[in-house]
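Read-outs throughout are calculated quantities, based only on the coordinates presented, and are distinct from any laboratory measurement. Treat the numbers as computed from the prediction; the structure is a model and nothing was measured. Note that we place each Cβ from the backbone using ideal geometry, even for glycine, and neighbour counts take in every protein chain shown.
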Amino acid sequence: MLQALARNSAREMPALRYLALGFIYLAVYVVLDWLSFVDPLGAFGVTPWNPTTGASIALVLAFGRAFIPWLFIAPLLADGLLRHFPLPIHTEIGVVVTLGGTYTAATWLLTRAGAEFSRGLQSKRDLIWLLGTAAVAALVAATGCVLLLALTSIIGIEQITRGILEWWVGDMIGITVMTPFLLILLSGRRIFPPTPELALPFVLMLGSLVLIFGSADSNRSQLFYLLFLPVIWIAVRFGLEAVTGALVTAQVLLIIAIQLSAHSDLSITALQILMLVLALTGLIVGMLVTEQRNTQRELWLYREALARVSRVGTLGALTAAIAHEINQPLAAIGNYARVGRQALKREPFDHAAVARTTEQIIEQVDRAASVIHWLREFIGSGASRPEVVSVNELIRRPESACRADLDEHGIRLETLISRDLPSVMVDRLQIEQVITNIVKNAAEAIAGVGAGDGLIQIEADMEGDKFIVISIIDNGPGFEPILLERPISPFTTTKTEGMGLGLSLSRSIIESHGGRMTLGGNGAGARVSFTLPAARTLPSGAII
């Protein structure tokens, strides 16, 4: 239900749903306040962990600024129900306004248009924004509330510094532990993957807490670092989602352990500071792991897109390719059928010739079927989407996509790009795939002859004042002389496998962009060059 409401937060929420979510928040706030109001520190009653603060920020970030008024209602309700307003009413209202106003400002900073903050914490930038804003907001709230308590003589002047520290730690640990967990939960992502491997770090976490609180109060801070092992383990193995759940679990177990053991107020503050360090470390490591996995997934999708674009050529090239390849098995089938007909008329009847001819016909039918199947997989559809791209950017991604293949064969890749080249107006994916295909062909040629010092160079320079020429040069075996003497055509290939459509379709893509492709080189290497029109800059500054 909450996930459905979260999906509706971007548009106007019906009043009934708004009220339902508001009352759910109030109930959760009161329950969390009741559960966490254990062992309040000092005369000002600050708890070592304030999950209510984290829940309040998550509410506004997930469902929108319309829920800001509830941030002022919830603390008053909890204080009235659970503690019967322990502060004078004017002080109570002052504290609530200070807390609500501060965290309203924090959520406004995160949700304003220019912040580009993702409530699902999709990048480390989002996490840093959240934690940095939370740290400042918690400090402002703690300072304002403690000074208000001092001005009303509820605490002494000598308690201000300690009060600010303990209030800040309680709020900060509440935000750091609860807010990421709730935001991920409300985004619909799974917290823990269904794997038995998770049991071991949680058992280790429980054992570490038993060891920590089984020792003397003075040794607990040193032993606390044992908790880093299971949390970092979960972060590295399962990423951000799982580590947020692990941190909530660790914090709850820590509070329970504090209640069941002998302790001092100072030791609790020290442990919570260490818990804050643990939470920050776990979140950062988890985010880095998740970002790396997302990058790998995006790279895979990008390579799939490039492969799909590589199958797109002009209609003329594809028509010629289909006609050329299908005509051969059809012609062979016709010839074998005529031979079979003659064998049937022959006296005496030649069973062996008919059987042999039938097998040859079946073989050619299978060949035609395989060609059709291959072409159906090879040919994709897609509209050209030209955009202004710098030559450096155009070469960078193919260079990255080919890096693993080149490293596998010990082939160096160098780029020589002239300075101050103008941009080009091209379909980025199509041209990048052309470069990728040519570089991979060069790498396969070098690897095929077993060269130990393979080198591929990508050069870019001006050709006249209207075109940019990009050349891919290798030190492999080079092209056969016959390929250099005739135009690039379908099914021209030097490979033992493959259908020879790569260069033909690459040429078609280049020509559809207003350029041309040429082959060059000799036995000491090959050169594939193509031109692209430079994007022109109008006097107004527009690029065409």
*Non-local amide H neighbours of GLY478 (under 5 Å, H modeled in plane, Pro and chain starts lacking H): which ones?*
GLY525, ALA526
*By count of other Cβ within 10 Å, fewest leading, how are LEU229, LEU16, LEU505 ordered?*
LEU16, LEU229, LEU505
*Take THR104, THR161, THR47 and order them by how many other Cβ atoms sit within 10 Å, fewest up front.*
THR161, THR104, THR47
*If you stretched the chain out fully between THR358 and LEU226, how much longer would it get, using 0.36 nm times the residue separation minus the C-alpha to C-alpha distance?*
39.9 nm
*Starting from the Cα of ASN219, step 7 Å along the direction of its Cβ; do the same at ARG125; then give the gap between the two resulting points in nm.*
4.8
_Taking 25 Å as R0, compute the FRET efficiency from the Cβ-Cβ separation of SER418 and LEU299 and round it to 0.05._
0.30
*Residues with amide H under 5 Å of PHE467's amide H, sequence separation 5 or more or different chain, H placed in the peptide plane at 1.01 Å from N; which?*
ALA534
*Efficiency of FRET from Cβ geometry, TRP108 and THR161, R₀ 41 Å, rounded to 0.05*: 0.90
*Once both labels are modelled 7 Å past Cα along the beta-carbon direction, what's the HIS351-VAL38 spacing in nm?*
9.1
_Which of VAL31, VAL426, VAL289 has the fewest Cβ neighbours within 10 Å, and the rest in rising order_ = VAL31, VAL289, VAL426
